[in-house]
Amino acid sequence: MKNWEKVLSVGLVFIFLSLIASCNQNQDKKSPEQNPSIVTEGKLAKIFTPETIGTSIRWFESQYDQAKYVEGDRRTYDFDGCSVTVRGKESIDSLSLNNMSSNCNLDLKKMIIVGGVDTRSLPVYKMTFGKFEKQVGAGHYGADCLTMCGNAYDPSVWMEWEGPRAMGNLKITLEVVLVDDAAIDASFQWRDVMVAEQGEDWVIDTKFNDDHRYDNIARELFKNVPITSITIGRD
C-alpha cells in the first residue's frame, strides 16, 4: 500500500471513531424532556416524602413558602413553576403534584418501601397507569363522572394504590383528566361495559367506586394512558 493510501485509511478510521464518540456524547446529554427517567433533585424531592404527611402546615410553610391560593382545607403552592396542593386543616393529610414536566418530576421509588417491589427509577413524568402497576402493584380504579357529566368541569379517572403497614398505609393516587383522546376513549369503553351489564343509573351514581368488579377492565383500557397528576397521603 502506498504511503498516501495509508494516510487516507488512517484518516478515515479516525473520522469514523470521532463520529461514534460524538453520537455517544449526544445520547448521554439528552434533556430530561427526552429522557423522563432523569429526575432532578430539588424542592419537590424534599417535599414529596412519607415523612411530610402529618407534619404541621405552619412548619411546612416556614420551611418552604406561603400558599398562593387557599380554599378551605386546600392550599396550592407554586414551587419553581410546579403546582403543589396540600390538603389538611392544621397538619398535612395529602400532597398533590398537579402538573408534570421535565422540571416537575418525582421519583416514586424513594417513597415505596415494599418488599419485592422493583426498585428501578419510577419517574412520574410521562408515567402511565400500566407502568406503575407493573412495577409496584395493582390498585383500585374510580372516577368522579363517566356519563351525563355536563360541561361545568373536566372529569377524571384515578387509580388508588395503598401501601402496606411498613409504609404507614400510605396511599398513592394516580389521576388523569379526561381531555385527551386516549383517556376519553378508554373512559367511554369502560363506561359502556358497565352500562351494558349494570344499567346507566348504576354508572351515573358511580357505584363502580365502591364495587371494584370492573377494575380489571379499567386496568387494561388505561394501561397506556399517561397520568396528569399524582397524590400521596393517608386517610
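The values are calculated or read from the model by the stated rules, or taken from the named source; none is laboratory data. Note that this is a predicted model, so its numbers are computed, not measured. So basically every Cβ, Gly included, is an ideal-geometry build from the backbone, and we count neighbours across all protein chains shown.
Selection of first residues in the stretch 184-199 that are exposed (fewer than 13 other Cβ atoms within 10 Å of the Cβ) and of second residues that are of a type in the set (Ser, Thr, Tyr), restricted to Cβ pairs under 9 Å at least 6 apart or on distinct chains, gives the following pairs, ordered by first then second residue: Glu197/Tyr214.
Scanning the stretch 208-230 for residues that are assigned to a loop (DSSP other than H, G, I, E, B) and hydroxyl-bearing (Ser, Thr, Tyr) yields one hit, Thr228. Summed over the stretch 143-194, residues that are among the hydroxyl-bearing types (Ser, Thr, Tyr) and modelled with pLDDT of 95 or more total 3.
All of Arg75, Arg87 fail the test of being surrounded by 18 or more Cβ atoms within 10 Å (Cβ to Cβ), modelled with pLDDT of 95 or more and either among the hydroxyl-bearing types (Ser, Thr, Tyr) or under 30 Å from Glu133 (Cα atoms) (or both), apart from Arg75.
Sort out which residues of the stretch 119-146 are among the polar types (S, T, N, Q) and buried (at least 17 other Cβ atoms within 10 Å of the Cβ), and write them in order of number. Show your work before the answer.
So in the stretch 119-146, the residues among the polar types (S, T, N, Q) come out as 119, 121, 128, 135.
Across the stretch 119-146, the qualifying residues are Thr128, Gln135.
So which residues in the stretch 143-164 are β-branched (Val, Ile, Thr) and part of a loop (DSSP other than H, G, I, E, B), if there are any at all? Please lay out each step first, then the result.
Step one: list which residues in the stretch 143-164 are β-branched (Val, Ile, Thr), which gives 147, 157.
The answer is Thr147, and nothing else.
Sub-6 Å Cβ pairs linking a first residue in the stretch 140-167 that is in contact (Cβ under 8 Å) with a residue 60 or more places away in the chain and closer than 20 Å to Gly199 by Cα to a second residue that is surrounded by 15 or more Cβ atoms within 10 Å (Cβ to Cβ) and of a type outside the set (A, V, I, L, M), at least 6 apart or interchain, are Tyr141/Asp215; Gly142/Trp158; Asp144/Pro155; Cys145/Pro155; Leu146/Ser187; Leu146/Arg191; Val157/Ser187, ordered by first then second residue. Trp202 falls short on exactly one of the conditions (1) surrounded by 15 or more Cβ atoms within 10 Å (Cβ to Cβ); (2) part of a helix (DSSP H, G or I); (3) free of Cβ contacts under 8 Å to residues at least 60 places away in the same chain; (4) not acidic (Asp, Glu), and that condition is (1). Restricting the stretch 206-235 to residues that are modelled with pLDDT of 95 or more and small (Gly, Ala, Ser), the residue that is surrounded by the fewest Cβ atoms within 10 Å (Cβ to Cβ) is Ser229.
Would you check which residues across the stretch 41-81 are in contact (Cβ under 8 Å) with a residue 40 or more places away in the chain and outside any helix (DSSP H, G or I) and list them? Reasoning before the result, please.
As a first pass, look at the stretch 41-81 and keep what is in contact (Cβ under 8 Å) with a residue 40 or more places away in the chain: 44-45, 47-50, 52-54.
Answer for the stretch 41-81, where residues must be in contact (Cβ under 8 Å) with a residue 40 or more places away in the chain and outside any helix (DSSP H, G or I): Phe48, Thr49, Ile53, Gly54.
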